[in-house]
Amino acid sequence: MDVLTLSRLQFAATSAFHFIFVPLTLGLSILTAYMETRYLATNDDIYLRMTKFWGKLFLINFALGVVTGITMEFQFGMNWAEYSRYVGDIFGAPLAIEATVAFFLESVFIGVWIFGWNKVSKKVHALSIWLVAIATNLSGLWILLANGWMQHPVGYVLRNGRAEMVDFLALVTNPYGLIKFGHQIVSGYTVAAFFVMGISAWHLLRKNETEFFKASFRMAAVFGLVSTVLVAVIGDVHAVEVAKTQPSKFAAMESVWETRRGVGLNLLLMPDPINECNSVEQICIPKAVSMLAFHTPDAEIKGLKDIPKDERPPVLPVFYSFRTMVGLGTLFILVSIAAVFLSRRDLLEKYPLFLRLLVFLIPLPYLANQFGWIVAEMGRQPWIVYGVLKTSDAVSRSVSVSQVMGSLVGFVLLYGFLGVIDIYLLAKFARKGPDNDLSAIIKPRGQEA
């Protein structure tokens, strides 16, 4: 393999592994902050115990997410030096803001929250976890605005052999980046909701702390239902934006080869090159692709044959990754509806099969997120900045195959080790459950900041 292929494999491996931690951090920070707010409002010890228990799992995930995220940025200088030289002035701006504002805020107040029990008032302590949650989500905003610019570059000019920013506001208000942020944030909330429901279901099956885990389950079920519905709604808006700004990606998502109007949607199997709804093996919805793209049944869809061969993305992984993501998203909505219904009517313990299902569903929202990123990143190929810079032109010219291979092996081994630690710690403390001795839980004293 050459330097380009190895560099792509390395970035894919490190980013995919890092993104195991990001979605749970986004959602669990919000849930933990809400739990502590409920404790502040009601002074009910069950919400304090919930805050401590789920907050501990949040901290484990947060710590490993930070460690795995830092190394990713080094690759822009090591493996992708030409990319950094060409668009660094633009791409570096949102990343710098993320590091100096969002990450700084997040890092400071996570310390206040961890060590502030019994040292600051209840209100200040609750405020600290809300600031962590807000900063965590703001961090996602700036990173996704940077990625959104790569998907749909705006506010720049090509000058002196480089891309230079001329309109920072255009980058910040880039519809592609903002829609992508919304879609990813609620996807992260879905991960957290199913994480909490799955662990709660595991304990309910064993009749451990039933009132505690029923309360956690109800909270996560509502959070999950709202999140899964929003994923679908924002995903529909995102599909329209993709069809408008990245016709090659949209064509790959639906395997549309011929440019034509009223394109039908093949649900499961990749259609033949003319994308007709005339095969008995295919389940096809007439004109649905045109509706998905432009909300008009007779809208024209640009086919892959009208895109130069060297600018077409790989169709097979994009097509099936998109369908897997959508299929899982539909499943999550249905399960969330059932979870809200059963938990509200206090029927969970009467349906042990449903509780077992939720335990096995814990990994699936993670997989849905990964498939979504496969669609986003492989669908953009062969461009690293869509329509501006190809991935083959962005790789560093001064690194050797042996150097990239060495760092790739090192990252895989290190991240694999960290992954084992993460799973071990999460499983250990999730199985242990909340502290039964209320006297052992330190309560913040004082009423006002």
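Every number here is computed from the coordinates shown, using simple stated rules; none is lab data. Bear in mind the structure is a predicted one, so any value in this text is a computation, not a measurement. Note that each Cβ is placed from the backbone with ideal geometry, even for glycine, and that neighbours are counted across all protein chains shown.
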If you stretched the chain out fully between Arg85 and Leu178, how much longer would it get, using 0.36 nm times the residue separation minus the C-alpha to C-alpha distance? 30.9 nm
Between segment 161-235 and segment 85-128, what's the alpha-carbon centroid distance in Å? 20
Quick one: which residues, 5 or more positions from Gly433 or on another chain, have an amide H under 5 Å from its amide H? H modelled 1.01 Å from N in the peptide plane, none for Pro or chain starts. none
Which of the trypsin sites (Lys or Arg not before Pro) found in segment 206-261 are loop residues per DSSP with 13 or fewer other Cβ atoms within 10 Å of their Cβ? Arg206, Lys207
Only loop residues by DSSP count here, and only those with at most 11 other Cβ atoms within 10 Å; note down the GluC sites (Glu not before Pro) in segment 78-121 that meet that. none
Counting every C-alpha pair in segment 225-374, the percent lying more than 25 Å apart is 37
Filtering trypsin sites (Lys or Arg not before Pro) in segment 315-351 by DSSP loop and by at most 16 other Cβ atoms within 10 Å leaves Arg345
Estimated [θ] at 222 nm from DSSP helical runs (n ≥ 4, -39500 (n - 2.57)) normalised by residues in the chain, nearest 500: -24000 deg cm²/dmol
Cut-off under 5 Å, modelled amide H: who pairs with Trp80 long-range: Ser396
Just to be sure I understand the model, the point goes 7 Å from the Cα along the line to the Cβ. What's the resulting Ala232 to Lys432 distance in nm? 3.9
So how strong a dipole does segment 265-419 carry about its Cα centre when Lys and Arg Cβ are +1 and Asp and Glu Cβ are -1, to the nearest 20 debye? 380
Packing-wise, with mean Cβ within 10 Å as the measure, how do 222-233, 110-121 rank, highest first? 222-233, 110-121
Give me the one-decimal nm value for the distance between modelled label points at Leu331 and Leu316, 7 Å along each residue's Cα-to-Cβ direction. 2.3
Points 7 angstrom from Cα along the Cβ direction at Asp167 and Phe417: gap in nanometres? 4.9
So what is log10(I(q)/I(0)) for segment 2-147 at q = 0.12, 0.17, 0.18 1/Å, when the Debye sum runs over its Cα atoms only? -0.56, -0.93, -1.01
Can you compute the label reach from Met405? Point 7 Å from Cα along the Cβ direction, backbone N cut-off under 20 Å, restricted to segment 1-20. 1-14
For segment 19-178, whose charge dipole is built from +1 on Lys and Arg Cβ atoms and -1 on Asp and Glu Cβ atoms, the candidate among Tyr83, Ile114, Gly65 with its Cα farthest towards the positive end is Ile114
By the Cα gyration tensor axes a ≥ b ≥ c (a/c under 1.5 gives rounded; else a/b larger than b/c gives prolate, otherwise oblate), the shape of segment 299-443 is oblate
Cβ-Cβ FRET estimate between Arg261 and Asp45, R0 fixed at 60 Å, reported to 0.05: 0.45
Divide, for segment 85-240, the radius of gyration over alpha carbons by 2.2 N^0.38 Å, where N is the residue count. 1.33
Give the Debye-formula value of log10 I(q)/I(0) at each listed q (0.22 Å⁻¹), with one equal scatterer per alpha carbon of segment 72-145, two decimals each. -0.90
Output needed: percent of Cα pairs per 5 Å distance bin for segment 160-258, bins running from 0 to the one holding the longest distance. 2, 12, 14, 13, 12, 11, 10, 8, 7, 5, 3, 1, 1, 0
Filtering the chain for DSSP H helices with an axial alpha carbon extent of at least 27 Å and a Kyte-Doolittle mean of at least 0.0 returns 3-42, 45-78, 122-151, 175-205, 210-245, 315-344, 401-432
Over all viewing directions the Cα convex hull of the chain casts an average projected area in nm² of 23.6
Show the residues, 5+ positions off or on another chain, whose built amide H is closer than 5 Å to the amide H of Leu389. Ile384
